[in-house]
Ligand SMILES: Nc1ncnc2c1ncn2[C@@H]1O[C@H](COP(=O)(O)OP(=O)(O)O)[C@@H](O)[C@H]1O
Ligand SMILES: [Mg+2]
């Protein structure tokens with residue numbers, strides 16, 4: 001599949017700060033591409049350059065074969081955008097919001113009413129069509145923001161953190177709508193700081209940190225970067241940590257790391273027998289184990305491995321097992 005968007009050696013400096021550092025990657029026609037990274041990683045800066053709202057310090061962006069620095073207007077017609085902050089005009093009704101965008105993006109006059117009707121249906125806002133958007137809940141505003149971005153029927157949809165701040169139910173609804181739009185053939189570039197969201201939605205993911213893309217590929221390709229085996233995680237009392245680390249090395253050849261009372265290592269073979277043996281050994285050594293487990297690598301493990309730090313949010317914004325409820329901030 002051809003690349004519909006190409007970022008080539010893209011760099012953006014703000015004074016001394018290199019917000020985007022020599023980034024190169026392509027987005028294939030028809031895919032959902034996710035730019036995943038913590039707050040301040042450079043995601044919005046990339047989006048703003050793509051939309052020609054910011055000029056790159058160096059490098060270039062090519063969309064559908066056009067260098068965007070020379071084809072602003074054409075490129076604008078190809079892309080629909082939902083930004084991070086301003087999603088809807090709050091003192092306009094849902095219908096007026098859609099009209100405004102239809103106008104801005106030169107939707108043919110004879111199609112405006114039809115598209116507005118369809119958008120309201122898609123956003124499940126028919127009965128709120130003439131209510132002020134400022135009165136809408138967060139979920140309703142995002143839904144309106146999404147159909148607004150789609151009103152010109154763009155080939156490419158750009159979504160900057162489309163679900164940040166939404167509750168679980170609204171987030172799941174957004175995911176559904178994003179998938180549906182993609183099924184109809186829209187290429188989607190989205191940013192997110194939710195690991196689970198990238199895992200769930202994106203065909204390919206670029207992990208970005210401090211302006212650099214540090215991993216790129218499908219979710220399973222990226223997870224393999226953390227190793228092919230399972231990851232072992234043991235929590236013991238602080239005074240036992242170093243003893244456990246050296247036992248893992250001497251008895252099993254496992255090079256384990258510790259942070260506080262948490263010890264992690266890789267079970268290369270990924271089999272459960274080794275795990276059972278380790279449990280038995282700890283028991284025999286009379287080490288009181290607060291928790292022990294082994295799991296397949298998650299995107300968080302990859303981030304931890306590549307950057308030496310992982311960021312987990314335990315506020316429980318998302319539901320689910322391990323890998324969910326994590327967010328970079
Ligand atoms: N207009 C600006 N002037 C100066 N610094 C900026 C500007 N915009 C963004 N930055 C800085 O660039 C870095 C990347 O920001 P941003 O692209 O917004 O990150 P993200 O969207 O991934 O959270 C941050 O350190 C941010 O403070
Ligand atoms: Mg941002």
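Bear in mind that the values in this text are calculations on the coordinates, not laboratory data. Remember, it's a predicted structure, so these values are computed and weren't measured experimentally. Cβ placement follows ideal geometry from the backbone for every residue including glycine, while neighbour counts extend to all protein chains displayed.
Worth pointing out:
- Our compactness index for segment 174-280, the C-alpha radius of gyration over the empirical 2.2 N^0.38 Å, is 1.46.
- Segment 228-296 - percent relative contact order, Cα under 8 Å, separation 6 or more: 49 percent
- At an R0 of 45 angstrom, the distance between the Cβ atoms of residue 290 and residue 220 translates into a FRET efficiency of 0.90.
- The simple Förster model, with R0 at 56 Å and r as the Cβ-Cβ distance, assigns residue 255 and residue 180 a FRET efficiency of 0.75.
- Highest-first arrangement of 257-266, 182-191, where packing means the average Cβ count within 10 Å: 182-191, 257-266
- The chain, relative contact order in percent, only Cα pairs under 8 angstrom and at least six apart counted: 19 percent
- Cα→Cβ-extended label distance, 7 Å offset, between residue 131 and residue 28, nm: 4.2 nm
- Scoring 61-70, 104-113, 87-96 by mean Cβ neighbours within 10 Å over their residues and listing the highest first yields 87-96, 61-70, 104-113.
- Rg and Dmax of segment 228-296, both derived from C-alpha coordinates alone, stand at 10.7, 31 Å.
- A straight line joining the Cα centroids of segment 57-124 and segment 204-253 runs 42 Å.
- Bins of 20 Å from zero: percent of alpha-carbon pairs in the chain: 28, 49, 20, 3
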